[in-house]
Amino acid sequence: MIRYIIVCCLLVLLNKAEAKTIQVCKSCPVKTIRAGILAASANDVLIISKGIYKEYNLEIKKPVTIVSTENAVIDSDFKGNIFQIYSDNVTIQGLKLINVAQSYTKEFAAVLLFKANNFKILNNTLDKVFFGILVEKSKKGIIKGNTIRGEGKDEAGSGNGVHLWSCSDILVENNKISGMRDGIYLEFASDSRIINNNSENNIRYGLHFMFSNNDEYHYNTFNHNGAGVAVMFSKFINMTHNKFYNNWGPSSYGILLKEIYDAKIIENIFQENTTGIYLEGSTRVTYERNNFIKNGWAVKVVGSSYSNVFKENNFLHNSFDVSYNSKINENKFEGNYWSSYTGYDLNKDGIGDVPFRPVKLFSYIVNQTPETIVLLRSLFVDIINFSEKVSPVFTPDDLTDEKPLMKLRK
């Protein structure tokens with residue numbers, strides 16, 4: 001047994017020692033990337049020199065590294081995919097991939113990976129792409145430092161920047177994505193991390209994920225996307241230190257939560273969105289130390305959402321802090337700061353002596369008749385809000401913050 005292990009180790013070392021470097025350039029013996037891939041053996045490195053390579057549908061079925069330190073350009077001339085990867089342990093680094101074919105029936109991508117594990121897609125520029133990086137049935141991959149840009153005009157004619165389907169243990173980090181349908185899309189993608197990405201000016205969602213459990217989203221910025229961020233049918237999600245900015249429109253929001261369970265949304269910023277958080281059918285979610293700033297609705301609760309906890313959040317200058325479409329409240333609000341709170345603190349303990357009711361009657365009226373929003377700043381609205389505060393009839397009488405903070409939480 002020991003002899004067998006020693007022989008295996010020697011074979012591995014020998015294979016690594018035999019790995020070679022293949023130079024690809026216009027004046028080299030290997031002039032095309034396709035020829036370089038065909039000539040390569042397992043674990044070889046292809047170094048692509050500066051230039052424009054008119055190639056597409058480059059199939060990779062063995063572990064290789066393809067790298068350029070000179071930002072070589074691969075132009076598919078709108079004829080298909082660029083890389084089609086069907087092997088484990090493949091690295092694509094430092095390339096510029098442009099002009100991916102568009103289709104209403106096929107998902108053409110700059111980089112397509114299928115059943116390809118332990119991959120690395122690093123520091124590439126993808127421009128004028130249909131799908132950027134499309135990953136299917138793969139695990140243990142890294143997508144890092146890429147710039148992905150599309151020119152889609154509508155949802156049907158554009159694809160997603162980073163698209164993960166039926167994947168696990170994928171790291172998506174430090175990417176810049178714009179002009180796509182969805183910046184980042186996950187479906188049946190578990191145990192993955194989405195960190196420090198910038199997804200902006202996308203046609204539909206900056207981030208969109210469904211049926212994806214045990215994932216983490218930290219330090220991302222989602223700015224000026226068509227409908228914001230959509231999070232659906234998932235559980236055990238952690239979202240912290242993200243920024244949701246400037247998502248305006250009749251169906252836009254910082255983030256939509258639909259059928260989300262056992263999640264944590266902590267220390268995020270929701271600023272200048274039509275709705276900061278749109279909450280539907282979500283249960284056991286903790287919202288803690290978030291900042292809701294100058295939104296139309298900071299939090300809009302629609303449908304069956306139970307056992308959610310809102311604590312230590314800042315609600316600053318929103319038109320409506322909380323909106324409910326039900327008279328029953330099964331959620332807890334405690335220890336939040338509300339800029340519209342007018343109570344007092346006689347014992348100077350930093351907590352208001354009068355409970356705060358964040359749901360105003362007018363928000364209920366606007367939910368029923370949206371046209372009444374034109375009366376938002378009128379004296380009439382102030383009067384009906386005050387009357388509902390004194391004697392709740394239409395809004396949940398038990399939805400109060402019993403310990404409102406007197407000072408902004410820092």
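For the reader, a short list of remarks on this structure follows.
- Cut-off 11 Å between beta-carbons: net charge of the residues surrounding ASP169, Lys and Arg +1, Asp and Glu -1: +1
- ILE52 versus LYS140: modelled label distance in nm, points set 7 Å from Cα along the beta carbon direction: 4.0
- Here the alpha carbons of the stretch 197-308 define both size measures, Rg and Dmax, at 12.3, 34 Å.
- Relative contact order (percent, whole number), the chain, Cα cutoff 8 Å, 6+ residue spacing: 6
- Sequence-distant residues sharing a close amide H with ASN295 (under 5 Å, placed H): GLU272, ASN273, ASN318, SER319
- Percent breakdown of C-alpha pair distances by 10 Å bin, ordered from the shortest bin, for the stretch 125-265: 14, 48, 35, 3
- Links that overshoot a 30 Å alpha carbon limit, given the list LYS50/LYS139; LYS144/LYS235; LYS62/LYS128; LYS176/LYS311; LYS20/LYS144; LYS264/LYS410: LYS50/LYS139; LYS176/LYS311
- Net lengthening on full extension, LYS61/SER304 (0.36 nm per residue, minus Cα-Cα): 82.6 nm
- The length gained on full extension between THR105 and ASN43, counted as 0.36 nm times the residue separation minus their Cα-Cα distance, comes to 18.9 nm.
- Converting phi to 3J(HN,Hα) with the Karplus coefficients 6.51, -1.76 and 1.60 and the offset θ = phi - 60°, the stretch 404-409 yields x, 6, 7, 10, 4, 6 Hz in sequence order, with x at every glycine or proline.
- With R₀ fixed at 51 Å, the C-beta to C-beta distance from ALA19 to PHE78 puts the FRET efficiency at about 0.90.
- Extension gain for the segment ASP397 to ASN325, taken as residue separation times 0.36 nm less the Cα-Cα distance, is 24.6 nm to one decimal.
- Cα extents of the stretch 91-184 along the three principal axes, largest first (Å): 33, 25, 17
- Relative contact order for the stretch 146-212, counting Cα pairs under 8 Å that sit 6 or more residues apart, in percent: 34
- Rounded to the nearest 0.05, the FRET efficiency derived from the C-beta distance between GLU334 and ASN174 at R0 = 41 Å is 0.65.
- Net dipole in debye of the chain [+1 Lys, Arg Cβ; -1 Asp, Glu Cβ; about Cα centre; nearest 20]: 1420
- The alpha carbon gyration tensor of the stretch 141-195 gives principal lengths a ≥ b ≥ c with a/c of 1.5 or higher and a/b no greater than b/c, which makes the shape oblate.
- Given the alternatives (1) 65, 46, 41; (2) 84, 55, 33; (3) 64, 49, 37, Cα extents along the principal axes in Å as computed for this entry is given by (2).
- In sequence order, the stretch 317-322 has phi-based couplings of 6, 8, 4, 9, 6, 9 Hz under the Karplus curve 6.51 cos²θ - 1.76 cosθ + 1.60, θ = phi - 60°, and Gly or Pro positions carry x.
- Under 12 Å from the Cα of LYS258 - aspartates and glutamates, other chains or at least 8 residues apart: GLU280
Bear in mind that the values in this text are calculations on the coordinates, not laboratory data. Not measured: the values here are computed from a predicted model. Note that we place each Cβ from the backbone using ideal geometry, even for glycine, and neighbour counts take in every protein chain shown.
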